[in-house]
Amino acid sequence: MCAIAGLYSTRPQPDRLQLHRAITTMSAALTHRGPDEGDVWQDPEIPVALGHRRLSIIDLSSAGRQPMRSVSERYIIVFNGEIYNFRQLRSELERLGAYFRGYSDTEVILAAIEAWGVQYTLKAIRGMFAFALWDRHQKRFYFARDRMGKKPLYIGWAGSTLVFGSELKALCAHPEFVRNVDRAALSAYMRFGHVPAPLCIYEKVWSLPAGHCMTLDVRAMDSAEPLNSFMTPYWSHLDALRTARAMGCGEKLHIPERFEELLQDCVAERMVSDVPLGAFLSGGVDSSLTVALMQKESKNRVKTYSIGFHEKGYNEAVYAKRVAAYLGTDHHEHYVDGRQALDVIPKLSAMYDEPFADISAIPTYLVSAFARQSVTVALSGDGGDEMLGGYTRHVRGPKVWRRMRRIPKFARQALSASLSKFSVETWDRLSRYHPQFGSHIHKVCSVLDEESPTAFYMKIMSHWDKPDHLVVGGAEARVPLTDPDLQPEGLSFGEMMMYWDALSYLPGGILTKVDRASMAASLEVRAPLLDQRIYEYVWSLPEAYKVHQGQGKWLLRHVLQKHLPERLFDRPKQGFGIPIGEWLRGPLRDWAEDLLDPHAMEIQGYLNPGVVRKVWVDHLAGHGNHSNKIWTVLMFQDWRKRWAV
């Protein structure tokens, strides 16, 4: 796991020393992602410079250092991530006569590109990655990002210089980079709580979408070029879904066995490491199954990590401890009080150099920092919810939609108003045995007046459902979730929501959260359930293997029963949250009041202060659940103070 950065100057005769200073500064801004070592490289003929920071995982020797040259010295690569099938690919390449100096996966990518070309190599490799490849012969850049969107890559302009990096910190470090906020991206952020690719919060910068590559001929470029026009998919969710549906799943009696065998292989591949390795364990289905298969694979006790909270409804550590005891792992738990969680909040804008509003970023960072005390790599259960019906919306959403369609709209609106009068905290007290029950009630209330399944889903996923009223001069741009060309046919409403989640919420929300939080702690996180083979296989399955008899993740639960008693994991989905609504009325109130000052917001000119103020006052009075909206604004305001002009 590493960090990459680079630049190309379009100026006729740029100063090489200035280029070296710029790439060194850009690379240094990403030291947290690669604390072990770093280096830079400059092309002797073309004003191209590449930088790399290394978190050593595979091949700790000098042979694994980057920027790395191919054997022919035609290609130079900077690579961030892990390729899990690199050993198999290396064997194939050796049979073709390839020579290797070390045993890193980066060197395998270079050898594959020399033997097969970029496009074939992208289809051959499996893993999480983002890389930039410089072709010295053709004077071309190749950029690529993994299929599911685990690893980030931003590409844009700093004056007349093309710049790119694993995080926006690297681009901001360039002396000519201008930090103007893109209003369309800000509108998208206010709706989704993250900035979806290919948008970026800065003007003239783009985020390479998952499963995409980009080829740039530097001899035909200028700084007015809209770089997103060069982005093309080499893999897509829609194509994977269509292919899986066409092929089918084969004999249904063997589906659980086939799935477990496939997941076991994915787990085993992700346990390859030259440094200490462990796993996150929440006690939920996804992480419990991941750890169970790790323990089956390992000769030693797997190190597992969880954090706990003293607040009721937010603590999963007790469940994790029971699972760990049954599986016999080397378990570590750390209870976090409110003050420790609050202390993370000032760090969020530094971790997420693009505004990001998922409150679970706080516990994600805390568990990453805790695990990093003794391991460098951790496996997680990310991906199971989106692919196998793990969210409440997948299970209850279709039922709610069918029932609400039978009720006149005026009656639905009246019911919504009536239920919303009670605060989230009141609903939680009324149902102590259903974690975060109040949030679910208020979410249902928000969709009772919608007229289509698409609008229903968008309302559920929206932090602000009318961002054009909030963002001054804002207008929503098309993103993959709203692109009509990316919508499949023949899916049930529940399956459609799973597809939308994998297309948008997974890369933009979940994976962004985990990448930045874990990398801030210099920890690599690997997710076996996000292997492309798992994704493609589950789309070949009937929906009943995902949601069955009112219960989500049926297949995962069925397989997990072979390794754990059902009583240890059969409980309502809890989520990885903290009581932010209460904190905003308590210890965070002064901090929030400062960021939400109407006069200051008027001067800043990004958000409508009247709209924000009304929601803030209602929240303080306990009128409805507005913590999600307020937190989204606060995270932008805090980010703006640090990163924007």
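The values are calculated or read from the model by the stated rules, or taken from the named source; none is laboratory data. Quantities reported herein were computed from a predicted structural model and do not represent experimental measurements. Virtual Cβ from ideal backbone geometry, glycine too; neighbours counted across all protein chains shown.
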Scan of segment 116-151 for residues that are touching a helix residue (DSSP H, G or I) at 6+ places or on another chain (Cβ under 7 Å) and polar (S, T, N, Q), ordered by number
121
Exactly one condition in (1) within 25 Å of residue 58 (Cα to Cα); (2) modelled with pLDDT under 95; (3) touching a helix residue (DSSP H, G or I) at 6+ places or on another chain (Cβ under 9 Å) is not met by residue 281; state its number.
(2)
Complete set of residues in segment 322-360 that are in contact (Cβ under 8 Å) with a residue 60 or more places away in the chain and outside any helix (DSSP H, G or I)
352, 353, 354, 355, 356, 357, 358, 359, 360
Scanning for something at pLDDT 95 or above, within 21 Å of residue 343 (Cβ to Cβ) and over 28 Å from the mean Cα position of the chain (by Cα), does segment 592-613 turn up at least one residue?
yes
Looking only at segment 567-626, which residues are within 29 Å of residue 319 (Cα to Cα), acidic (Asp, Glu) and in a loop (DSSP other than H, G, I, E, B)?
570
Checked segment 225-246 for anything part of a loop (DSSP other than H, G, I, E, B) and more than 27 Å from the chain's Cα centre (by Cα); matches are 225
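Only one residue in 249, 266 is more than 27 Å from the chain's Cα centre (by Cα) and within 18 Å of residue 537 (Cα to Cα), so which one is that?
After applying the criteria, what remains is 249.
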Got a sec? Which of 319, 365 is buried (at least 19 other Cβ atoms within 10 Å of the Cβ), under 30 Å from residue 591 (Cβ atoms) and in contact (Cβ under 8 Å) with a residue 60 or more places away in the chain?
365
Which fully enclosed helices (runs of 4 or more DSSP H) of segment 446-543 have 2 or more residues being closer than 24 Å to residue 392 by Cβ?
453-461, 493-500, 511-520, 532-538
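Look at residue 481 and say whether it is in contact with an Asp or Glu (Cβ under 6 Å, 6 or more places away or on another chain) and aliphatic (A, V, I, L, M).
Spelling it out, it is not the case that residue 481 is in contact with an Asp or Glu (Cβ under 6 Å, 6 or more places away or on another chain) and aliphatic (A, V, I, L, M).
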For segment 148-193, what are the residues that are of a type in the set (S, T, N, Q) and at positive phi?
none
Answer from 339, 372, 403 - the residue that is within 24 Å of the chain's Cα centre (by Cα), surrounded by fewer than 24 Cβ atoms within 10 Å (Cβ to Cβ) and over 28 Å from residue 189 (Cβ atoms)
372
If I go through segment 183-208 residue by residue, how many of them are under 13 Å from residue 640 (Cβ atoms) and assigned to a loop (DSSP other than H, G, I, E, B)?
1
Can you tell me which residues in segment 15-55 are over 23 Å from residue 523 (Cα atoms), surrounded by fewer than 18 Cβ atoms within 10 Å (Cβ to Cβ) and of a type outside the set (S, T, N, Q)?
15, 16, 17, 20, 21, 43, 44, 45, 46
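Yes or no, residue by residue, for (1) out of contact with any strand residue (DSSP E or B) (no Cβ under 9 Å at 6 or more places or on another chain); (2) without any contact (Cβ under 8 Å) to a residue 12 or more places away in the chain:
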position	(1), (2)
533	yes, no
541	yes, no
546	no, no
552	yes, no
557	no, no
560	yes, no
563	yes, no
566	yes, yes
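Suppose we filter 645, 633 for residues that are within 30 Å of residue 167 (Cα to Cα), touching a Leu at 6+ places or on another chain (Cβ under 7 Å) and β-branched (Val, Ile, Thr); which single one remains?
Checking each option against the conditions leaves just 633.
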Somewhere in segment 237-247, is a residue exposed (fewer than 15 other Cβ atoms within 10 Å of the Cβ), among the hydroxyl-bearing types (Ser, Thr, Tyr), touching a residue at least 12 places away in the same chain (Cβ under 8 Å) and over 22 Å from residue 566 (Cα atoms)?
yes
